[in-house]
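Okay, so here's the structure we're looking at.
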Amino acid sequence: MFRFLTAGESHGKGLTVIVEGVPAGLALSEAYIERDLARRQKGYGRGGRMQIEKDHAEVLSGVRHGYTLGSPIALGIENKDFANWTEAMAVDPVPEGAKTRRVTRLRPGHADFPGVLKYSHHDVRDVLERASARETAARVAAGAVSRRLLEEFGLRVRSHVLSIGTVNAQVPETINWDQVEESPVRCADPEAARRMMEHIDAAREAGDSAGGIFEVIAFGVPVGLGSHVQWDRKLSGLLAQAMMSINAVKGVEIGSGFANARLAGSQVHDIIEPWGGDARPFHHVTNRAGGIEGGMSNGEPIVARMALKPISTLGKPLPSVDLVTGERVQAHYERSDVCQVPPACVVGEAMMALVLAQCFLEKFGGDHLEETRRNYLGYLDGLRQFLPEAAAIPSAERPPDDAV
Ligand code: EPS
């Protein structure tokens, strides 16, 4: 069973994540995980915190001499900023008059209000420290482990920004992924990227924040991950839950889900074509379904789009209430990002990789990577029965790269 759990507060000592169920024999290094951690730290619209942190995941267990052991993989990420918060985030009780950085003014849109009531806290910091998007660094580390596994089988997960505020990208037919990586807002349209940065600047100057829409795409996913037979095994459902769990994500669509709702069925469903010369017995002409039909991957790229609300910590705070006095106040402000859409892309990739790894291992199992590989190749061989006799295709061949 593949699963993961994170722990850690934003200004505490650090983050921890345990990933369990990774087969033995997978090559894995700290340097590999660091690449994704560094990608998450970038993005136009970040605040001062990212100047302080340089995220590195220390492998504490589960890897020996460069290969996974099959045992739980524990990763630790230090919060360098903890050095500035030793009193406020001390584990032991602190003396009277210590600098606790107590917060009592509730921020609309944040976890502050329901969090303090639910957990009976009298300091909003007891909620906000865990609710912070800092936690997503731990997910990205776990996602990198999943990505490493998926890579062994030719699966690749990518992401880009479709819009920030009112600025929409014109997405080119073929996305240049290197260019997306270079873009400060992870946008495939350089002209829109420029306007997105202006939008973020304007939000910052106005003491406001900016949200947006981003897309995560998985290429090379075999037919048959997830299942139609039970609600909690549907790949679309698992992905939606995983994506909705990302801080500030308020909407998820698979493929062109919302636009499809306004069209006739004949305009929506992706026509199935006979064998087109590759390893797939059939394929779709279009991909409005976003690679999932009946809760199962259908061999087309898996496309998920997420709507991220603007960050709820505002330079010019909204009216609110003080938790202690009950009086009208301006909400609390503390250092924050103005826009987190570009880093959320990288978190979305991690969640996509984690869900795909879970479904992949549920289908193919294996305690050692080579066992997983035998099971995977055996399944692909089985699919060859649906190929026309003329098709002498090597079983491991995958569909063309990165075509949406
Ligand atoms: C966050 C506020 C900022 C962000 C943080 C999320 O942190 P700080 O309060 O220390 O300035 O930088 O994000 C991260 C630390 C991170 O690693 O992404 C918040 O309130 O959610």
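Rundown of residues vs (1) more than 15 Å from the ligand (Cβ to nearest atom); (2) surrounded by fewer than 17 Cβ atoms within 10 Å (Cβ to Cβ); (3) modelled with pLDDT under 95; (4) of a type in the set (Phe, Trp, Tyr), yes/no style:
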| residue | (1), (2), (3), (4) |
| --- | --- |
| Glu9 | no, no, no, no |
| Leu15 | no, no, no, no |
| Leu69 | yes, yes, no, no |
| Thr86 | no, yes, no, no |
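Which of the residues spanning segment 324-339 are within 11 Å of the ligand (Cβ to nearest atom) and open to solvent by 40 Å² or more (accessible area, probe 1.4 Å)?
Tyr333, Arg335
Here is a list: Val94, Val116. Which entry is open to solvent by 40 Å² or more (accessible area, probe 1.4 Å), of a type in the set (A, V, I, L, M) and either over 23 Å from Gly76 (Cβ atoms) or within 14 Å of the ligand (Cβ to nearest atom) (or both)?
Matching residue, one of Val94, Val116: Val94.
Could you say which residue among Glu135, Glu181 is among the acidic types (Asp, Glu), open to solvent by less than 50 Å² (accessible area, probe 1.4 Å), closer than 24 Å to Glu349 by Cα and not in a loop (DSSP other than H, G, I, E, B)? Outline the logic, then answer.
Details: Glu181 fails: open to solvent by less than 50 Å² (accessible area, probe 1.4 Å).
That would be Glu135, the only listed residue that is among the acidic types (Asp, Glu), open to solvent by less than 50 Å² (accessible area, probe 1.4 Å), closer than 24 Å to Glu349 by Cα and not in a loop (DSSP other than H, G, I, E, B).
Wholly within segment 1-85, which strands (runs of 3 or more DSSP E) include no fewer than the required count, namely at least 1 residues that are among the polar types (S, T, N, Q)?
Working: elements: 3-7, 14-20, 57-61, 73-78.
Once the strands (runs of 3 or more DSSP E) in segment 1-85 are filtered for at least 1 residues that are among the polar types (S, T, N, Q), what remains is 3-7, 14-20, 57-61.
One residue is enough: does segment 273-289 have a residue meeting the conditions crowded, with 18+ Cβ neighbours inside 10 Å and within 16 Å of the ligand (Cβ to nearest atom)?
The answer is no, given that none of the residues of segment 273-289 is crowded, with 18+ Cβ neighbours inside 10 Å and within 16 Å of the ligand (Cβ to nearest atom).
What residue, of Asn168, Asn176, is more than 16 Å from the ligand (Cβ to nearest atom), farther than 26 Å from Lys309 by Cβ and of a type outside the set (D, E, K, R)?
Exactly one of Asn168, Asn176 is more than 16 Å from the ligand (Cβ to nearest atom), farther than 26 Å from Lys309 by Cβ and of a type outside the set (D, E, K, R), namely Asn176.
Looking at segment 145-164, which of its residues are within 20 Å of Val346 (Cβ to Cβ), open to solvent by 20 Å² or more (accessible area, probe 1.4 Å) and outside any strand (DSSP E or B)?
Once the filter is applied, which keeps residues that are within 20 Å of Val346 (Cβ to Cβ), open to solvent by 20 Å² or more (accessible area, probe 1.4 Å) and outside any strand (DSSP E or B), segment 145-164 yields Arg147, Arg148, Glu151.
So in segment 230-266, with the set limited to residues that are within 16 Å of the ligand (Cβ to nearest atom) and of a type in the set (Val, Ile, Thr), which one is farthest from Met351 (Cα to Cα)? Spell out the reasoning first.
At the first step, the residues of segment 230-266 found to be within 16 Å of the ligand (Cβ to nearest atom) are 245-250.
Going one step further and asking which of them are of a type in the set (Val, Ile, Thr), we end up with 246, 249.
Working: Ile246: 8, Val249: 12 Å.
Among those that are within 16 Å of the ligand (Cβ to nearest atom) and of a type in the set (Val, Ile, Thr), it is Val249.
The values are calculated or read from the model by the stated rules, or taken from the named source; none is laboratory data. Only a predicted model underlies this, so the values are computations on that prediction, with no experimental measurement involved. Cβ sites come from the backbone with ideal geometry, for glycine too, and all protein chains shown count toward neighbours. These accessible areas exclude ligands, DNA and RNA; they are computed on the full protein's heavy atoms, side chains included. Shrake-Rupley method; radii C 1.70, N 1.55, O 1.52, S 1.80 Å.
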